[in-house]
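Read the structure below first, then the notes.
Taken together, the values in this text are just the output of simple stated rules run on the coordinates, not laboratory data. Since this is a predicted model, take the numbers as computed values, not measurements. As a convention, Cβ positions derive from the backbone with ideal geometry for all residues, glycine included, and neighbour counts pool all protein chains shown.
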Amino acid sequence: MNDMTPTREQRSAALEGMGCKRKRVEDIRFTQGKGNYVDDVKLPGMLHGDFVRSPHPHARVKKIDDSEALKVPGVLAVITAETLKTVNLAWMPTLAGDVQMVLADGKVLFQNQEVAFVVATDRYAADDGINKVVVEYEPLPPLVDPFKSMDKDAPVLREDLAGKTSGAHGPRKHHNHIFEWTVGDKDLTDAAFNKADVKIKEMISYHRTHPSPLETCQCVCSFDKIKGELTIYGTFQAPHVIRTVVSLIAKLPEQKIHVIAPDIGGGFGNKVGAYPGYICAAVASIVTGKPVKWVEDRIENLTATSFARDYHMTTEVAATKDGKVTGLRVHVLADHGAFDACADPSKWPAGFFNIVTGSYDFPTAHLAVDGVYTNKAPGGVAYRCSFRVTEAAYCIERAMDILAQKLNMDPAELRLKNFIKPEQFPYHSALGWEYDSGDYHTAMRKMMETTGYAALRKEQTEKRAAFARGETREIMGLGVSFFTEIVGAGPSKNCDILGIAMFDSCEIRMHPTGAGIARVGSKSQGQGHETTWAQIIATEIGIPADNIMVEEGNTDTAPYGLGTYGSRSTPVAGAAIAMAARKIKAKAQMIAAYKLEVHEDDLEFDIDGFRVKGLPEKFMSMKDICWAAYNSVPPGMEPGLEAVSYYDPPNMTYPFGAYLCVMDIDVDTGVYKVRRFYALDDCGTRINPMIIEGQVHGGLTEAFAIAMGQEIRYDEVGNVVTGSFMDFFMPTAVETPHWETDFTVTPSPHHPIGAKGVGESPNVGGVPAFSNAVNDAFSFLGSTHIQMPHDFWRNWKAAKALGAVA
Amino acid sequence: MIPGSFSYHRPASVADAVKLLSDLGEDARPLAGGHSLVPMMKLRLATPGHLIDLHGIAALKGISRSGNNLVIGAMTTQHELLASDDVAKAMPILHEAALQIADPQVRYRGTIGGNVANGDPGNDMPALMMTLGATYRLEGAGGARDVAAADFYQGAYFTALEPGEILTSLSIPVPAAGHGYAYEKLKRKVGDYATAAAAVVLTMSGGKVVTCSIGLTNVHETPLLAADAAKAVIGTSLDAATLKKAAAAAEAIMAPAADARGPVEYRKHVGGIMVTRALQRAASVAK
Ligand SMILES: Cc1cc2nc3c(=O)[nH]c(=O)nc-3n(C[C@H](O)[C@H](O)[C@H](O)COP(=O)(O)OP(=O)(O)OC[C@H]3O[C@@H](n4cnc5c(N)ncnc54)[C@H](O)[C@@H]3O)c2cc1C
């Protein structure tokens, strides 16, 4: 070997495989404005559709007069529920087993509900048209407060469900009731509460908010009458599911539907479900024979396509007097708005909310969730979280702080005392999950040491004394959060969407020159799959990541996958990628053995090729094997080097983390300052540390927004009052705190590469950290729980209620 | 969020613009930076049939000194105010307040003329102009007239501007050397209008306030001059009791609307705090 021979480190680094802070390859086009988004799709003769929307939250639709609209130059058609009925599409199924009006059918049930779809030659004409459609309404009493939804005299919202005493998830108790879902052992839990030394009970609300991606929901539908084929370009987090749903509801053969999700400008759960815009654009294309584009504006996005959260969680914890938890009881009132349009796996009406025991060893627990209808927009989606996991994390993390306060214990101390211990994994939770791996104590202690937790507590004590003496008007809060997520939906034994198991898939094709293409069933909306998927393959088969092209989003070319949400891509698709790569590697080994004239078992994989054991100079690189795969395979072997893998995960993965927020609040104005925010994440094996850091920054920024003001708010008569970024809190770089990130690594034992998924952890763990900081700041003044969001005026209101301001 | 159709005009002189406005009547609107008007058009809350873009009129731009006044052309952008040495030296409060308006993108387009002519109580410049004792020059078919900022605002979006008139410039007296100043604005985020804001310009001598003027933003349907509050601090050293009195006097004239920034009580309360803080900071920089 001469001096030019690369070292093993150099060969390994050249791959830019797992663990490498590889720069995001997709950013080259994104940062130059060269991405290709749905609104960039322009087809010849394309028309534009836009909605007439209801100004009323609840009203009967008496009459829709489109005669003036049809006179507007450029307006070609006005589609109403009556039009849709002719093709049996006035209603559509939701992923949650409910049905939803595509266009108002006799009634409107929320403000800004879709009433008619105007199709025109350009967007301006379409908007001129919608202003000319005259709709006659007869207002009905609105139902806004979910706590009143099951009152005896509550207005009947869903007349279509009259007489239906059971829904997709069992019996209905009331005309506005959707489902009741219970988990856990009620008797055991009651017994634990009966003999508890200490109990707490609090109604903890997680307000309604919205994922609000930068790019709104949109599509272009193009129906080819001759071929009978429908092509849909759309902002879809799950393109294959959309294809299947369209096939089922439009009764089109699935092979004649082409769904293409191009670049997507953020999804965060907003782009999982099916919306009236997609159906209307498709029908409009079928009716007119022209491609039809529908692009939602910001107001429509915030007020009509899926909201998130709106969970009202009455939470009780039982404990011994020295702080060992003995029981958990939670009742959730879930406000779904007018239709249950949750995007959860079908059998899980409240998602995986039963992860609510969190990181703690609860011997017993009981959970009941009641879903109800109100006159609000339908949903709710998983806003950067695995289904309802962020609600669960918020619930238990607030409850632990409330318990600590009651016991006069430090909240970090209380958590350490109740954590599931490393030796208890795999751990079976009282509400039915099997946690794969974790080392919570190490993560918590690292957080406490790195942040100087004890010193911060001391400073807080001093500041409180200074406040009492009138020397400062600022109060200080420490928000501890220790979350356990459940991601990677999911095993076919318990997860499906409309009957389709939630596997994911990858197909890898290696080309003769040592390059390749990987097609995956997931769909990036900014997560950086083109970068990280290639890194997994690089490490697995020894081909540089730069030589692997990653493609997603086209249902004609990508293998069937369930898409990207719920942090499932790395746990499920990532596993499929590793498994497909291993199939490539196995065939490569056979080819190398043949070429090196040894038995397969005499070969070992060495970074970027196979080496004969004990004979280091006998080596064949993967690049050369790729070439050989196309011209000199062993006799009897098919040429080529391709593999497909469909991965049905044996279990979910359980990422966790320890967060700390240090906040100062001026009681006179309610203005807060986030002094420090520390986030330690354990997502198992780390594929690309830089991308992880970016994901954590983004998720924390969302968590900050949600906890501190981001809200979809309705007034008492059902008007939505937060319809733009002026009032819906979307922080800019100026408001966003500085983030300190850290990590531990506890690989998943069942995942091929040990990775767990991280994209959603910071949203899940961040919200309780912020809220706990605010609550901790006020606690010495006598409060136990202050509801989110903690915007300035509400902080002032809390201070005033506690007597801290005159 | 798609505007209705309109015709676009780009006159090259004030005379042409005024003529267009009077010929086209009520259906025509001047267009400056468009950062208040265009959002309203996108919501179809404003549906002008004609937009008279003032960008082609060179005479409407620029900052100059005229005697003891700073004269600012209506089409001067907020960014240009921030870039001006004259403004920073003679009228630092104008620099400070301009920096509180929205974000750089808005400030590159938004103009001082549009900001003061708009009549939105949320705009920051009107209360400041009242505090500084500015006058606006209005030109119409009947000629030019000067109106004091303090007399200009009549209600939300209602001003002394007559149909067919254009606001061509603002004339602002330069405050005395050594004056103290502060613009305190509470907002939820960059790009937000004030929950409440207070402008203070004062002079001090021997530790006591000699002159004082206080303006209030977004706590009433028009910008306000808090004359009683200002009177309360004259001759004092801004002791705690005086500050309290001034804040109370200011709060007494506030009548904000409840909105997502907070209920009425909160907005008045923080309005008082903005007055207190602006007074204290103004005093601390006065020489
Ligand atoms: C996101 C965002 C945040 C903002 N935040 C703030 C803020 O915090 N504080 C603040 O003060 N402003 C804020 N603004 C408004 C911004 O400063 C506007 O630019 C300003 O209010 C209007 O100036 P313009 O030049 O854009 O006027 P335009 O929008 O063009 O015009 C506004 C109105 O004034 C009329 N007009 C304009 N010029 C003249 C003239 N010379 N003579 C007669 N009439 C005229 C127009 O016909 C129109 O009715 C914000 C705007 C945005 C988009």
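Here are the numbers for this structure:
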item: Farthest toward positive dipole pole in region B:7-52 [+1 Lys/Arg, -1 Asp/Glu at C-beta], among B:M41, B:L24, B:H9; result: B:M41
item: Shape of region A:357-475, Cα gyration tensor, a/c cut at 1.5; result: oblate
item: Residue among B:Q280, B:M125, B:L82 farthest towards the positive dipole end of chain B, charges placed on Cβ; result: B:Q280
item: Entries in A:K164/A:K271; A:K227/A:K290; B:K208/B:K245 that, when Cα-Cα distance is taken, lie over 24 Å; result: A:K164/A:K271
item: Hypothetical label at A:L416: residues of region A:642-658 whose amide nitrogen lies under 19 Å (7 Å Cα-Cβ projection); result: A:657-658
item: Residue-span extension gain [A:D546 to A:Y560] - 0.36 nm each, minus C-alpha spacing; result: 2.6 nm
item: In nm, spacing of pseudo-spin labels at A:K34 and B:A83 (7 Å Cα→C-beta vector); result: 3.1 nm
item: Gap separating the Cα centres of region A:536-592 and region A:637-712, nearest whole Å; result: 23 Å
item: log₁₀ of I(q)/I(0) at q = 0.30 Å⁻¹ - region A:176-236, Debye sum with one point per alpha carbon; result: -1.21
item: Net lengthening on full extension, A:K493/A:A586 (0.36 nm per residue, minus Cα-Cα); result: 30.6 nm
item: Axial C-alpha extent at least 18 Å, average Kyte-Doolittle at least -0.5 - helices from chain A (DSSP); result: A:389-407, A:575-596, A:689-708, A:761-779
item: Dipole of the protein assembly as shown, positive end: most advanced residue of A:A799, A:V134, A:L188 [Cβ charges, Cα centre]; result: A:A799
item: Computed magnitude of the charge dipole of chain A (debye, nearest 20; Cβ of K, R +1, Cβ of D, E -1); result: 540 debye
item: Over region B:1-60, relative contact order from alpha-carbon pairs under 8 Å, at least 6 apart, %; result: 55 percent
item: Length released on extending from A:R676 to A:T732, taking residue separation times 0.36 nm less the Cα-Cα span; result: 18.4 nm
item: Cα-only Debye scattering, region B:180-285: base-10 log of I(q)/I(0) at q = 0.09, 0.17, 0.24 Å⁻¹; result: -0.20, -0.67, -1.22
item: Cα-based shape type of region A:498-541, given that a ≥ b ≥ c are square roots of the gyration tensor eigenvalues and the cut on a/c is 1.5; result: prolate
item: Label-to-label distance, nm, for residues given as A:S724 and B:T47 (7 Å Cα→Cβ offset); result: 1.8 nm
item: Relative contact order (%) - chain B, alpha-carbon pairs under 8 angstrom, separation at least six; result: 15 percent
item: Alpha-carbon Debye profile of region A:548-600, log10 I(q)/I(0) at 0.21, 0.23, 0.31 Å⁻¹; result: -0.83, -0.91, -1.20
item: Cut-off 10 Å between beta-carbons: net charge of the residues surrounding A:P57, Lys and Arg +1, Asp and Glu -1; result: 0
item: All aspartates and glutamates inside 17 Å of A:K63 as judged from Cα atoms, apart from same-chain residues fewer than 8 positions distant; result: A:E82, A:D105, A:E114, A:E136, A:E138
item: Binned Cα-Cα distance frequencies in region B:7-52 - 5 Å width, integer %; result: 5, 24, 31, 23, 13, 4, 0
item: Per-pair calculated FRET efficiency, R0 = 25 Å: A:K71 and B:E26 via Cβ, rounded to 0.05; result: 0.50
item: Cα centroid separation - region B:240-261 against region B:136-158, whole Å; result: 28 Å
item: Sorted largest first, extent of the protein assembly as shown alpha carbons per principal axis (Å); result: 98, 80, 75
item: Relative counts (whole %) of C-alpha pair distances in chain B, using bins that are 5 Å wide; result: 1, 6, 12, 17, 18, 16, 13, 8, 5, 3, 1, 0, 0
item: For region B:60-173: relative contact order, % (alpha-carbon pairs under 8 angstrom, 6 or more apart); result: 29 percent
item: Cα coordinate range in region A:1-74, projected on the principal axes (Å, largest first); result: 86, 35, 16
item: Label-to-label distance, nm, for residues given as A:D602 and A:Q787 (7 Å Cα→Cβ offset); result: 7.5 nm
item: Whole-angstrom gap from region A:460-500 to region A:319-334, using each part's C-alpha centre; result: 17 Å
item: P(r) of region B:60-173 over all Cα-Cα pairs, binned every 5 Å from zero, in whole percent; result: 2, 13, 24, 28, 19, 10, 3, 0
item: Burial ranking of peptide ranges A:582-592, B:251-261, A:527-537 (average Cβ count within 10 Å, highest at the top); result: A:527-537, A:582-592, B:251-261
item: Modelled FRET efficiency - R0 41 Å, A:V156 with A:D27, Cβ distances, 0.05 increments; result: 0.20
